[in-house]
Structures are given as C-alpha cells and as structure tokens.
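Presented below is the structure to which this report refers.
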Amino acid sequence: MTPRQRVSLQAPDTFIKSLLEKAAQLVLGGDASALHLLRVYWYDALVTARLTLGQSTLAHLPGVKIRLGTVNAEGKQKKVDSLIVTDLIELARNRAVADAILVSGDEDLRIAVQIAQTYGIRVHVLAVGDPAKNVNPTLRMEADSVETLDAQWLRGHVAVASEPNRAGPAAPVTGALGASSGSVAEIMIDQAAVRTCADLLAKGGASVARALNTHFASSTTVPAEYDRKLVACTAALLGRPLTAEEKRHIRGIFVRQVRTLKNNWLFRVRCGDECGLA
C-alpha cells in the first residue's frame, strides 16, 4: 500500500471540478452544473502541526470544507472515520441533503450509511478502482449504488511520489560570501536557505507558486511538505543540524521568497517561461 504522504493531487481545483462531474454522471445521471451541491467535504489527517500545501489549497477552494484528523506513531490516520460518520449523520438528520456520495470503501462507515438512510437520504459509494477489491462487502450491500473511479481518470488527477532519495547529504556551502554585513554564520545560513528555496520553488513550477501565494496570503506557516524539505536541505548544505532559532529564520526567508517571487531573479532563471516570469 502506498503511504498517504506520497500521494498528492496534481491540481486540486481541477480535481474537485472533475470529481463533481464524474459523480454527477455516474451516480446521479445528470449534469453537475444542473445539480444543487451543498459542499464537498475533504477528509485527511495532519502528519505534523502544519497543513500540507495540498490541504491548504483545498481549504481555500469555494464550496470545499476540509476536515482533519491526526496520524499516530505508526503512520495510521486516526479520528478521520469518526468525522465522516458524524458529518453524514448530522447532514441527514437536518435534511440538508437528499443524496450523499462517499469516495471510500471503509467498513467503519457502514453504520453511518445505515443511520443516514433512516432519515430518507440516499448514500452512494464511488470506489477508487475495483469495488470488489477496494470497498468492503458490507458497505457495498448497504450503499444505494456503487460506481467506480477508473484508473485512467485517477492517473489524470493523482500523483504518486517516488521513494525518498536516501543519498548522503550535499556538500556544505563554500566560497565567497558576497555580503558586507552580518556574521559569517548568519550569511552562510541565508545563502543556504535562499539556494534551497530557489530549488524547491523551481521544481514546483507555476501551479505551486500560485498555491503558495494563496496560502501565505492568510498564513505565515510553511506547509508541512515544504517545511521538511526546507529544513533538511538547508541543514545538508551547511553540513550540520539547525537550531530552533535557525529553523524559524529560514522559514521566514521561504515566506519572503514566495511573496516576492516575481522579483526573484534566481527563480525566473531556474523556472523560465513555464512560470510566466521571463
């Protein structure tokens, strides 16, 4: 099984739009634009105290409500199923929906389906891949219908990262400091952080740049997946671990780099025309 941390959406806004169209077509037999949608509930878990960029992007989309559980020491999501159960039952009890569509196959949701149906709503399951393999048999029996998100559709919207690179740390930053003030240590940290920021932003491209700018419009917390890379890569360039104060410092550099992206010459050179900055 692929760990959740390696799975991401290529373009969250496009994914949500396409998912609604697919659900309307497969489950409700209509055009998504002609159907009244209450909202999309997205259930995930916080691996650290920080949202990932994908989670932040989804949270800012109109009509999307993100619900977050936690991840335990074994890497398993906790409290997510209870959030789904509570929302489904409450929406049914309050007559807020006539049809609910679950993109899940977990048997733990069966009781929520049963209770929701007693309030008169229909509950449908959209399976990720083959329902015979990915949806619990008892949940299939309880659902009003079961349809499939096929592999081709999934490949168009979901990315799976490769295994983490276990190569050794990069060589420490050396050479001219190119600055006239600040201690040598401070300048080297800044150099390493800026270099790491440029690499991370260039690899992400235009869509990531836009998502990060949206995220930082309302938050100064670096998304979890970028925070891990920022700290690890900067430490590797310096050839030593970072202190808590240094981590805070380089996070501030990352935020500033994103907010001034269009004026960042290094990013324009590395990212080129793809970002529309040339």
Counting sequence-distant residues (5 or more places) and residues on other chains, those with an amide H built under 5 Å from that of residue 51 are 224
Could you please report the charge total around residue 227, scoring K, R as +1 and D, E as -1 over all other residues with beta-carbon less than 9 angstrom from its beta-carbon?
-> +4
If you plug each phi of the stretch 247-259 into the Karplus form 6.51 cos²θ - 1.76 cosθ + 1.60 with θ = phi - 60°, what whole-Hz ³J(HN,Hα) values come out, in order, with x for Gly and Pro?
-> 4, 4, 5, 6, 5, x, 4, 4, 4, 5, 4, 5, 5
Computed accessible area, residue 115, all protein chains, 1.4 angstrom probe, square angstrom = 60
Taking amide H positions as placed in the peptide plane 1.01 Å from N, state which residues far from residue 65 in sequence (5 or more) or on other chains have amide H under 5 Å from it.
-> 40, 41, 42
Whole-percent pair-distance distribution, where bins are 10 Å wide, for the alpha carbons of the stretch 79-133 | 25, 55, 18, 1
What do you get for Rg/Rh of the stretch 1-146 when both radii come from the Cα atoms and Rh is the Kirkwood radius?
-> 0.94
What size of dipole, in debye to the nearest 20, comes out for the stretch 5-59 about its Cα centre when the only charges are +1 on Lys and Arg C-beta atoms and -1 on Asp and Glu C-beta atoms?
-> 180
Two pseudo-spin positions, 7 Å from Cα along C-beta at residue 41 and at residue 130, lie apart in nanometres by 3.0
Given backbone amide H placed at 1.01 Å from N, residues whose amide H is under 5 Å from that of residue 102, ignoring those fewer than 5 places away on the same chain, are 124, 125, 126
Positive-end extreme of charge dipole, the stretch 16-112 - chosen from 60, 24, 42 (charges on Cβ) | 60
Can you tell me the order of 238-245, 35-42 when each peptide is scored by its average per-residue count of other Cβ atoms within 10 angstrom, highest first?
-> 35-42, 238-245
Can you tell me how much longer the chain between residue 106 and residue 13 gets when fully stretched, taken as 0.36 nm per residue apart minus their C-alpha distance, in nm with one decimal?
-> 31.0 nm
Using a basic spin-label model with each label point 7 Å from the Cα along Cα→Cβ, how many nm lie between residue 244 and residue 94?
-> 4.0
Residue-wise, which Karplus ³J(HN,Hα) couplings in Hz belong to the stretch 148-160, taking 6.51 cos²θ - 1.76 cosθ + 1.60, θ = phi - 60°, and x for glycine or proline?
-> 10, 8, 6, 4, 5, 5, 4, 4, x, 10, 10, 10, 10
Note the full-extension length gain between residue 114 and residue 67 as 0.36 nm times their separation in residues minus their Cα-Cα distance, in nm to one decimal.
-> 14.7 nm
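The values are calculated or read from the model by the stated rules, or taken from the named source; none is laboratory data. Everything numeric in this text was worked out from a predicted model, so none of it was measured. For neighbour counting, all protein chains shown are included, and Cβ atoms are generated from backbone atoms with ideal geometry for every residue, glycine included. Each accessible area value is taken on the protein alone, full model and side chains, heavy atoms only, with ligands, DNA and RNA left out. Shrake-Rupley method; radii C 1.70, N 1.55, O 1.52, S 1.80 Å.
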